1. Along Cα→Cβ, 7 Å out, is where each label goes; now give me the distance between the ones at Glu116 and Thr147 in nm to one decimal.
2. Counting alpha carbon pairs within less than 8 Å and at least 6 residues apart, what relative contact order, in whole percent, applies to segment 38-135?
3. Expressed as an acute angle from 0 to 90° and rounded to the nearest 10, what is the orientation of the C-alpha long axis of helix 84-99 relative to the principal long axis of the chain?
4. Just want the ordering: His88, His122, from fewest to most Cβ atoms lying within 10 Å of their own Cβ.
5. Relative contact order for the chain: what percent, with Cα pairs under 8 Å and sequence separation of 6 or more?
6. Taking H placed 1.01 Å from N in the peptide plane, check which residues at least 5 places from Asp112 or on another chain put their amide H under 5 Å from its amide H.
7. Normalised by the number of residues in segment 1-54, what is the relative contact order in percent for Cα pairs under 8 Å and 6+ residues apart?
8. Between the alpha-carbon centers of segment 26-45 and segment 48-92, tell me the distance in whole angstrom.
Amino acid sequence: MVQQQEGNWFRSDSAYGTLFHAELFPGRENSGKLVTLIKQQARLYALETGARVAIIDGPPGIGCPVISACAGADLGLIVTEPGAAGIHDLKRVAGTLRHFRVPTVICINKADLYSEGTRAIHEFAAGEGIEVVGEIPYDEHVPQAMTRGEPVPLHAPGAPAARSMQAIWQKTVQRLSCLEA
């Protein structure tokens, strides 16, 4: 067996704080191990600097990197969309978070595009005792902000999606603060 490098991890400074991220080389495995390594580095940095919160942006879907992102989290925020694939993945990720005993909240993206799917998400959440912290409407400002490499609230602060994101952030921070108490 020849040991080989699967990817690289990085620590970068951004306008929003320190960012730990990685590149998994094409065709390589162990993406879950790479996520775990990044989380360990972020945890060490948080201990060193006294940071109270580390946000882990997990990948979409379900698999080893999702499991690695969920393990040890204080709160899981599932961002889903009201289509069949989104609801299917929502249920699987919610099950993964439940397995790890991670309190969970849900955000519905593009909630106004398919009201039946949005209703199904709310019904699922109510049945599981999961709070829906908000809905983000479809908004043309989102792809514009992405094209410019800017956060939506900075690109178009008054846009419907920006206002929704800010409200969701406040509810999520409030929920996290309640867990710390």
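1. Those two pseudo-labels are separated by 3.3 nm.
2. On the way: 122 pairs, mean separation 23.1, N = 98.
Reported as a whole number, the value is 24 percent.
3. That helix lies at roughly 60 degrees to the long axis.
4. Numbers: His88 13, His122 17.
Neighbour counts put them in this order, fewest first: His88, His122.
5. Contact order relative to length: 13 percent.
6. Tyr138
7. Numbers: 47 pairs, mean separation 14.0, N = 54.
In percent, rounded to a whole number, it is 26.
8. What the calculation gives is 14 Å, centre to centre.
Values quoted throughout were computed directly from the atomic coordinates according to the rules given, and no laboratory measurement underlies them. These numbers were taken from a predicted model, which means no experiment stands behind them. Heads up, the Cβs are rebuilt from the backbone with ideal geometry, glycines too, and the neighbour counts pull from every protein chain shown.
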